[in-house]
Amino acid sequence: MGEILDETCAIEKDCRGEVDKTNIVFMGMGEPLLNYRSLVGAIRILNQAPGFELGARRVTVSTSGLPRRMENLAEEGIKCSLALSLNATTDARRRELMPVVSKYTIAQIIEAAKHYAQKSGRRVTLEYVLLRGVNSSAADARRLGKIAQKGPFKINLIPYNPGRDGEFEAPNEDELQEFIREVLPFSPTLTVRRSKGPDINAACGQLWTATLASPQKKPAEGT
């Protein structure tokens with residue numbers, strides 16, 4: 001917990017005391033909910049006065065989907081938003097893309113996300129990284145929209161930022177717009193994250209490859 005708050009203090013120093021204008025997201029190559037007690041303790045201090053007095057709009061926990069921990073978080077009474085890295089619309093495809101959390105079905109994690117939304121009064125964001133030819137079909141788009149209909153959810157589409165391994169590709173703009181058109185009839189609450197820095201391998205999801213001189217084993221999925 002101390003390390004988390006140290007980072008926040010460093011942000012506050014850089015922002016000249018205006019940390020209340022900053023958004024804090026718990027995410028990375030690890031899973032925030034596996035560090036549960038430290039996570040919750042840090043958020044309480046971020047929320048409180050004396051403390052940083054940050055509300056739910058300023059603090060987000062991004063998870064790959066641990067149902068019981070998501071349900072526990074809903075009962076803590078802390079102020080934070082929840083983002084769920086979904087990235088697939090079928091269990092089979094999600095197991096391929098995110099094997100570490102494959103023991104949980106989409107139905108299970110969506111039910112837990114719905115519980116969090118109901119208890120917190122805040123919509124949960126469904127994060128969806130678009131991989132060309134993998135999870136970007138019209139059928140995927142329609143299934144994603146129907147999943148979002150099951151609760152107070154909003155969709156955040158994230159076109160993939162290619163890494164050095166070349167395993168996946170991003171959809172082009174026309175493909176992205178077609179995917180959006182298929183989703184909108186089912187779920188009109190949708191945003192697209194536009195990343196900065198992909199030309200220098202510094203965009204979201206690229207940093208772990210930026211310093212590799214040769215191919216190595218990828219880290220475990222996070223959010």
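The residue list 160, 128 contains one member that is at pLDDT below 95 and either of a type in the set (Phe, Trp, Tyr) or closer than 19 Å to residue 63 by Cα (or both), which is 160.
Where residues in region 50-69 are in a loop (DSSP other than H, G, I, E, B) and among the aliphatic types (A, V, I, L, M), which of them is nearest to residue 5 (Cα to Cα)?
Taking region 50-69 as the starting set, the residues that turn out to be in a loop (DSSP other than H, G, I, E, B) are 50-58, 64-66.
Filter once more, so that each one left must be among the aliphatic types (A, V, I, L, M): 54, 56, 66.
On the way: 54: 13, 56: 17, 66: 24 Å.
Result: 54.
Among the residues making up region 135-161, those that are over 18 Å from the mean Cα position of the chain (by Cα) and surrounded by fewer than 19 Cβ atoms within 10 Å (Cβ to Cβ) are 137, 138, 139, 142, 146, 149, 150. When the residues of region 173-203 are filtered to those that are surrounded by 16 or more Cβ atoms within 10 Å (Cβ to Cβ) and at pLDDT below 85, the one that is nearest to residue 124 (Cα to Cα) is 203. Here residue 76 fits the description: at pLDDT 95 or above, of a type outside the set (Phe, Trp, Tyr) and surrounded by 13 or more Cβ atoms within 10 Å (Cβ to Cβ).
Matching residues to (1) under 23 Å from residue 78 (Cβ atoms); (2) hydrophobic (A, V, I, L, M, F, W, C):
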site	(1), (2)
116	yes, no
120	yes, no
128	no, no
131	no, yes
136	no, no
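Of all residues in region 1-12, those that are over 12 Å from residue 45 (Cβ atoms) have Cβ atoms under 9 Å from Cβ atoms of residues that are not aromatic (Phe, Trp, Tyr) and not in a helix (DSSP H, G or I), 6 or more apart or on another chain, in 7/24; 11/22; 11/24; 12/18; 12/22. Given the structure, is residue 8 part of a helix (DSSP H, G or I) and either more than 15 Å from the chain's Cα centre (by Cα) or modelled with pLDDT of 95 or more (or both)? Yes: the conditions hold for residue 8.
The values are calculated or read from the model by the stated rules, or taken from the named source; none is laboratory data. Here the structure is a predicted model, which is why all the values come from computation and not from measurement. Don't worry about glycine lacking a Cβ; one is built from the backbone with ideal geometry, like all the others, and counts go over all protein chains shown.
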